Amino acid sequence: MATQTSFPRKLAVVTLLAAVVLLPGCRQAEDPWAKVKGGPPRVLVSFAPLYCFAKAVAGDDVAVLSLTTSVGPHDHNADADDAIAAQKADLFLANGLTLDDFVTKVANTASNSKKDLVHKLGEAIPKNRLIQVAEDKDDHDAPGHKHDHKHGEYDPHVWLGVEEAEVMVNRIAELLAQRDPARKDGYKARAAAYVEKLHQLLADGKAALKDKKNRKFITNHHSFRYFARSFGLEVLDSIQMQAGVEPTGPQLARLADLCKKHDVRVIGVEPQYNRRAAERLQKSLPNVAIVELDPIETANPDDLMPEYYLKRMKQNIDNLAKHLK
């Protein structure tokens, strides 16, 4: 028997799903899984890197769909279309660590009856490998700086650390084996093959950067600390304390002084955001180059495949290797 509290929730689900059907022009909502090859099982992921990892492990055996592509998790607003995708999913993979909390809302709204649907891969990483964000407060106690942004306890950008990406890939293989034990050997083998590519990426990156004496750089926002740790680099500071929030004049002045003090030569900017603040900072630092560093939070849907993550990570390494001294 349904409880009294279950009715409002069911009504909300019906209302939200009905809203998808009643789109402008009375167009019937499309099934997002209709053109996705493979499966069952069906695996829904929150954003691009997780698609690369999941598809690498799944091969052709599993249907894999990314909830976001051209808009990343920082900017995504969950809607009824997301609920349609989640309703038919057998497994819903998120990053966790506060990056994509909208996943929980989507899963609840979808009224998916499958137990144990959502898994947050970032939370499978041992805590001693996670980077705490409490250090942000110490790094930014400066005149004109306001601590009005919100963080979780740990930096959520774990997929940019090669060792952390390995943990996530292996966890996906475990989850798929639980859902589909008949094909567990294939999942295990494909995960091992992708992990080997991650090992090669790490070795090649370290080789490309091994002769760099000054290994410090500035980023657009705090997203590259796991990446830096993997390759023995250091993110000295960031322009935006929160993605998409522009810095004040005093904050830029403090960063300029910091760059001069440490002879910083590189400012990393993300293709997802404008570079105006970085260009303002560069004007007072004539020997500093602005370099594109992609956190891989977004992707063109046509480019999304397992190799996309490896390709973008290699490009990040090459861009830094070219300009670090």
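The values are calculated or read from the model by the stated rules, or taken from the named source; none is laboratory data. These numbers were taken from a predicted model, which means no experiment stands behind them. Because the Cβ atoms are built from the backbone with ideal geometry, glycine has one as well, and the counts that use them run over all protein chains shown.
Which condition number does Ser223 fail, the rest of (1) surrounded by 19 or more Cβ atoms within 10 Å (Cβ to Cβ); (2) assigned to a loop (DSSP other than H, G, I, E, B); (3) over 21 Å from the mean Cα position of the chain (by Cα) being met?
Looking at each condition in turn, Ser223 falls short on (3).
Every residue in segment 292-325 that is more than 19 Å from Phe53 (Cβ to Cβ), surrounded by fewer than 22 Cβ atoms within 10 Å (Cβ to Cβ) and either in contact with a helix residue (DSSP H, G or I) (Cβ under 8 Å, 6 or more places away or on another chain) or aromatic (Phe, Trp, Tyr) (or both), please.
Glu292, Asp318, Ala321, Leu324
Restricting to segment 191-220, what's the tally of residues that are farther than 13 Å from Val162 by Cβ and crowded, with 23+ Cβ neighbours inside 10 Å?
Counting residues in segment 191-220 that are farther than 13 Å from Val162 by Cβ and crowded, with 23+ Cβ neighbours inside 10 Å gives 5.
Name every residue in segment 193-225 that is under 23 Å from Lys55 (Cβ atoms) and of a type in the set (Ser, Thr, Tyr), in order of residue number.
Narrowing segment 193-225 to residues under 23 Å from Lys55 (Cβ atoms): 193-202, 204-205, 223.
Result: Tyr194, Ser223.
Among the residues of segment 38-68, count how many are free of Cβ contacts under 8 Å to residues at least 40 places away in the same chain and either closer than 17 Å to Tyr308 by Cβ or among the β-branched types (Val, Ile, Thr) (or both).
3
Take the residues in segment 69-116 that are hydroxyl-bearing (Ser, Thr, Tyr), in contact (Cβ under 8 Å) with a residue 24 or more places away in the chain and part of a loop (DSSP other than H, G, I, E, B); name whichever of them is farthest from Pro306 (Cα to Cα). Break it down into steps so the answer makes sense when it comes.
Initial filter on segment 69-116 (hydroxyl-bearing (Ser, Thr, Tyr)): 69-70, 98, 104, 109, 111, 113.
Cutting the leftovers down to in contact (Cβ under 8 Å) with a residue 24 or more places away in the chain gives us 69-70, 98, 109, 111.
Pick out the ones that are also part of a loop (DSSP other than H, G, I, E, B) and you get 69-70, 98, 111.
Numbers: Thr69: 14, Ser70: 17, Thr98: 24, Ser111: 30 Å.
Only one residue tops the list, namely Ser111.
Given the conditions (1) in contact with an Asp or Glu (Cβ under 9 Å, 6 or more places away or on another chain); (2) in contact (Cβ under 8 Å) with a residue 60 or more places away in the chain; (3) closer than 16 Å to Pro49 by Cβ, and given that Gln242 satisfies all but one, which numbered condition is not satisfied?
So Gln242 meets the others, but not (3).
Is there a residue being modelled with pLDDT of 95 or more, in contact with a Ser or Thr (Cβ under 6 Å, 6 or more places away or on another chain), crowded, with 20+ Cβ neighbours inside 10 Å and under 30 Å from Glu163 (Cβ atoms) anywhere in segment 260-280?
The answer is yes; a qualifying residue exists.
Please enumerate the residues belonging to segment 31-54 that are touching an Asp or Glu at 6+ places or on another chain (Cβ under 9 Å) and surrounded by fewer than 24 Cβ atoms within 10 Å (Cβ to Cβ).
Answer for segment 31-54, where residues must be touching an Asp or Glu at 6+ places or on another chain (Cβ under 9 Å) and surrounded by fewer than 24 Cβ atoms within 10 Å (Cβ to Cβ): Pro32, Lys37, Gly38, Gly39, Pro40, Pro41, Arg42.
For segment 136-157, check the following and say yes or no: at least one residue is in a loop (DSSP other than H, G, I, E, B), farther than 30 Å from Gly249 by Cβ, modelled with pLDDT of 95 or more and in contact with a Phe, Trp or Tyr (Cβ under 7 Å, 6 or more places away or on another chain). Explain how you work it out, then say what you get.
Our first condition is that a residue be in a loop (DSSP other than H, G, I, E, B); within segment 136-157, this holds for 140-153, 155-157.
Next, from what is left, pick out any that are farther than 30 Å from Gly249 by Cβ: 153.
Filter again for modelled with pLDDT of 95 or more, leaving none.
No, every residue in segment 136-157 fails to be in a loop (DSSP other than H, G, I, E, B), farther than 30 Å from Gly249 by Cβ, modelled with pLDDT of 95 or more and in contact with a Phe, Trp or Tyr (Cβ under 7 Å, 6 or more places away or on another chain).
For segment 51-59, does any single residue satisfy the condition of being under 21 Å from the mean Cα position of the chain (by Cα), of a type in the set (Ser, Thr, Tyr) and not in a helix (DSSP H, G or I)?
No, the conditions are met nowhere in segment 51-59.
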